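Engineer: I have a structure here, written as structure tokens, and I will follow up with some questions on it.
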Amino acid sequence: MAGWRFKINRIQRVLLGVAAGLLLLLSGAGSAAAAGGPVVVVLSDAEAAYSLPVATFRAELGLPVQVFNLEGDIDRAPALMEKIMALHPALLFTLGAKASYVAKVWTKDRPELPVLFAMVINWQHYGLVDGQQNIFGIDSDVEPGVQFAHMMMLSPRIKRVGVIYNTSLSGEVVTAARKAAKVLGIELEERAIRHPQQLQRAYLEMVDDIDGLLILADPVVYTLENIAWLQKRCMRDHLICVGQSENVAKLGVLMAIDPDIPNIGAQAAAMARSVLSGHQTPAAVGVMPPLGTKLYLNLRTADKIGLHPSRAAVDMASQVFDGQ
Amino acid sequence: MTGILARFRNLTTACLVAVLVVLVGGAFPGRAAAVDIYYFSPDSPQRNLGGLKREMERFFGQADFAANFQPFAHYIDFDQTVREKHPPFLFLPAWYYRLYGEKLGLRPLLTPLRGGSSSYRKVLLVRKGEGIAMNTLANLSMAMTTMGPDDRRTLNSILFAAHGADANKLNIVTVPKDADALLALALGHVDLALVGKQSMELIGSINPKILQAVEPMAESAPIPGPIFCYVPSRVNMEVVEQMKQLLQRQQHGLNVLEILQIDGWLAVQN
């Protein structure tokens with residue numbers, strides 16, 4: 001009997017072993033399926049601006065990619081995300097605020113699924129990376145160091161650059177600006193403001209001590225009234241001013257630097273590869289500035305402030321506003 | 001009733017406009033349709049593509065040659081448009097010609113010279129003091145302008161294989177211009193940058209501070225420069241010859257060499 005029991009136990013053990021093996025195999029197959037699933041692109045809506053970044057992402061990534069569209073309707077999210085999750089995606093690349101926020105919510109209990117966001121203006125406002133380790137992204141603002149470097153290319157006389165900002169909205173940008181200023185050997189003159197109405201006073205306080213001004217895309221600084229005022233003052237005070245967006249340069253600010261939108265797809269592909277290969281975690285990658293940039297230069301303003309940039313410097317601009 | 005009359009009036013106006021267009025077109029029978037010239041040169045220091053288009057069209061206009069000069073900033077955009085529109089003339093990187101020249105029926109016409117040479121070199125840069133060596137490149141990120149879909153193979157042949165390294169182990173971030181790659185490196189966003197030697201020297205001459213933060217690690221073998229091609233099935237040889245002479249002709253006023261930032265052309269023998 002004991003032998004039988006022993007025999008039964010042996011069979012049970014063998015069966016248990018086989019079952020465990022099968023379970024391991026199945027779980028292995030499951031994770032392989034998850035890892036082997038497509039990379040899914042989720043668009044917030046049918047914005048034409050997304051088409052080139054998506055095409056570039058697809059071409060540069062070299063892995064199967066499927067594209068889904070939220071069509072601007074957050075109510076579509078549950079059905080769409082169910083469909084996406086059924087594919088066991090290897091990574092989500094989200095474009096725009098709605099898609100990125102939906103992906104954040106839907107991966108709250110799926111820490112193994114990386115989410116890479118891009119083209120989200122003021123991403124900090126949505127708390128996209130707060131409380132989750134699976135989210136990384138590309139900032140919608142150009143790195144301040146790139147703006148300083150272009151200021152220096154236009155005018156070697158740049159030594160001190162002013163920046164006016166709101167601490168709660170642009171604290172991180174100003175930290176990056178301090179770091180970049182150190183690398184490039186320039187001094188940063190900072191003024192923090194709480195309300196848009198405080199900008200003029202902050203500017204006047206430092207204007208005599210600076211050669212240039214970094215105009216941040218900070219909602220407290222960046223009002224129509226403030227930009228119009230700054231544009232006139234920068235010209236009057238012969239300051240090298242740099243802002244963000246083509247319109248700012250078109251309106252008369254000396255130069256502006258924007259992210260190169262189609263290139264966001266190429267950068268996202270490189271970041272996605274780094275995470276998918278297991279070389280870096282999403283949290284370690286964090287939120288990177290856009291590396292591809294477009295420089296807009298207003299030569300009429302340059303002329304008015306007595307600046308005569310070299311032909312080589314002008315040719316580096318993606319677009320020049322010169323009245324022609 | 002009023003609606004029908006209004007529609008009729010609109011139709012009449014449209015017909016009159018069409019007739020006028022035909023008549024005006026007929027009055028200038030010698031005027032040929034503008035010839036498309038597509039331009040994609042990611043390693044050129046000239047990034048002001050709007051200005052480039054304006055100046056090139058003015059140059060062709062002065063020679064009474066109707067041309068639509070279309071520069072492209074991004075590879076995807078260029079490649080898609082070339083395949084859709086089949087332009088008769090193209091100025092493109094040598095790697096594009098190597099990959100797709102035969103399939104697209106491209107025939108080289110001229111190759112530009114810079115510094116007297118039809119090839120150029122790229123320099124592999126690192127941040128100063130990072131302690132990166134050619135045998136520790138695995139998994140590092142490298143920013144560079146596009147070298148096409150098989151960039152890793154190209155990179156191995158022009159640089160990495162000679163140093164016992166493998167570009168397949170790098171994480172490549174494509175950027176639109178050399179200045180972006182250089183700044184991404186200097187500001188600590190990538191580990192390496194591969195930039196054109198000429199661009200590096202140019203950027204260094206206008207902002208020496210940037211070059212002080214980086215140091216060269218290796219230099220590539222000569223890379224063939226861009227090629228000006230034509231498509232025989234899309235244009236007759238008379239126009240090809242006209243284009244060739246026009247580009248090679250030194251003329252007063254607008255100088256095509258200056259516009260394209262080159263110092264001469266080398267005719268390609270087919």
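The values are calculated or read from the model by the stated rules, or taken from the named source; none is laboratory data. Quick caveat, the model's predicted, so the values are computed rather than measured. We place every Cβ from the backbone using ideal geometry, glycine too, and count neighbours over all the protein chains shown.
Quick grid of which residues meet (1) at pLDDT 90 or above; (2) over 25 Å from A:G185 (Cβ atoms):
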position	(1), (2)
B:F160	yes, yes
B:D166	yes, yes
B:L183	yes, no
B:H189	yes, no
B:M200	yes, no
B:I210	no, no
B:C229	yes, yes
B:K244	yes, yes
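Engineer: Looking at the range B:155-169, can you tell me whether even one residue there is part of a strand (DSSP E or B), within 26 Å of the chain's Cα centre (by Cα) and on the phi < 0 side of the Ramachandran plot? Lay out the reasoning, then the answer.
Structural biologist: Within the range B:155-169, the first condition is being part of a strand (DSSP E or B), and the residues that meet it are none.
There is no residue in the range B:155-169 that is part of a strand (DSSP E or B), within 26 Å of the chain's Cα centre (by Cα) and on the phi < 0 side of the Ramachandran plot.
Engineer: Give all pairs with beta carbons closer than 6 Å in which a residue from the range B:66-86 that is assigned by TED's automatic domain parsing to the domain that holds B:P45 and within 24 Å of B:D151 (Cβ to Cβ) meets a residue that is part of a helix (DSSP H, G or I) and aromatic (F, W, Y); count only pairs at least 6 apart in sequence or on separate chains.
Structural biologist: What qualifies is B:F72/B:F78.
Engineer: Here is a further query. Report whether or not B:K122 is at the interface with chain A (Cβ under 10 Å from one of its Cβ atoms), of a type outside the set (S, T, N, Q), touching a residue at least 40 places away in the same chain (Cβ under 8 Å) and buried (at least 22 other Cβ atoms within 10 Å of the Cβ). Can you show your working first?
Structural biologist: On the way: at the interface with chain A (Cβ under 10 Å from one of its Cβ atoms): no; of a type outside the set (S, T, N, Q): yes; touching a residue at least 40 places away in the same chain (Cβ under 8 Å): yes; buried (at least 22 other Cβ atoms within 10 Å of the Cβ): yes.
Spelling it out, it is not the case that B:K122 is at the interface with chain A (Cβ under 10 Å from one of its Cβ atoms), of a type outside the set (S, T, N, Q), touching a residue at least 40 places away in the same chain (Cβ under 8 Å) and buried (at least 22 other Cβ atoms within 10 Å of the Cβ).
Engineer: Does any residue of the range B:65-82 turn out to be within 14 Å of another protein chain (Cβ to nearest Cβ), within 24 Å of B:D263 (Cβ to Cβ) and not aliphatic (A, V, I, L, M)?
Structural biologist: yes
Engineer: Something else: So for the range A:114-121 (the condition being touching a Gly at 6+ places or on another chain (Cβ under 6 Å), closer than 19 Å to A:V285 by Cβ, assigned to a loop (DSSP other than H, G, I, E, B) and not acidic (D, E)), does at least one residue qualify?
Structural biologist: yes
Engineer: I'd like to verify a number: residues in the range A:260-310 that are within 9 Å of chain B (Cβ to nearest Cβ), part of a strand (DSSP E or B) and more than 20 Å from the chain's Cα centre (by Cα), how many?
Structural biologist: Summing the residues that are within 9 Å of chain B (Cβ to nearest Cβ), part of a strand (DSSP E or B) and more than 20 Å from the chain's Cα centre (by Cα) in the range A:260-310 gives 1.
Engineer: Also, I was wondering about something else. Would you pick out the residues in the range B:125-153 that are surrounded by 20 or more Cβ atoms within 10 Å (Cβ to Cβ) and away from every other protein chain (no Cβ under 14 Å)?
Structural biologist: Taking the range B:125-153 first, the residues surrounded by 20 or more Cβ atoms within 10 Å (Cβ to Cβ) are B:125-126, B:137, B:141-147.
Across the range B:125-153, the qualifying residues are B:L125, B:V126.
Engineer: Just need a number here: residues in the range B:184-229 that are among the basic types (K, R) and away from chain A (no Cβ under 13 Å). If you could, list the steps in order and put the result at the bottom.
Structural biologist: Going residue by residue through the range B:184-229, those that are among the basic types (K, R) are B:197, B:209.
Pick out the ones that are also away from chain A (no Cβ under 13 Å) and you get B:197.
The number of residues fulfilling the criteria is 1.
Engineer: Restricting to strands (runs of 3 or more DSSP E) lying wholly in the range B:1-96: which have 3 or more residues that are in contact with a Lys or Arg (Cβ under 8 Å, 6 or more places away or on another chain) and either surrounded by 19 or more Cβ atoms within 10 Å (Cβ to Cβ) or at pLDDT 95 or above (or both)?
Structural biologist: Numbers: elements: B:35-39, B:67-71, B:89-92.
Counting at least 3 such residues, we get B:67-71.
Engineer: Moving to a separate point now. For the list (1) in contact with a Phe, Trp or Tyr (Cβ under 7 Å, 6 or more places away or on another chain); (2) among the β-branched types (V, I, T); (3) part of a helix (DSSP H, G or I), I need the number of the one condition that A:V102 fails.
Structural biologist: (1)
Engineer: Would you mention how many residues in the range A:42-66 are more than 19 Å from A:I121 (Cβ to Cβ) and either in contact with a Lys or Arg (Cβ under 8 Å, 6 or more places away or on another chain) or in a helix (DSSP H, G or I) (or both)?
Structural biologist: So in the range A:42-66, the residues more than 19 Å from A:I121 (Cβ to Cβ) come out as A:55-66.
Checking which are either in contact with a Lys or Arg (Cβ under 8 Å, 6 or more places away or on another chain) or in a helix (DSSP H, G or I) (or both) leaves us with A:55-61, A:65.
So the answer is 8.
Engineer: While we're on this one: Based on what the data block shows, is B:S157 at the interface with another protein chain (Cβ under 8 Å from one of its Cβ atoms), among the hydroxyl-bearing types (S, T, Y) and farther than 14 Å from A:N263 by Cα?
Structural biologist: Values: at the interface with another protein chain (Cβ under 8 Å from one of its Cβ atoms): no; among the hydroxyl-bearing types (S, T, Y): yes; farther than 14 Å from A:N263 by Cα: yes.
The answer is no for B:S157.
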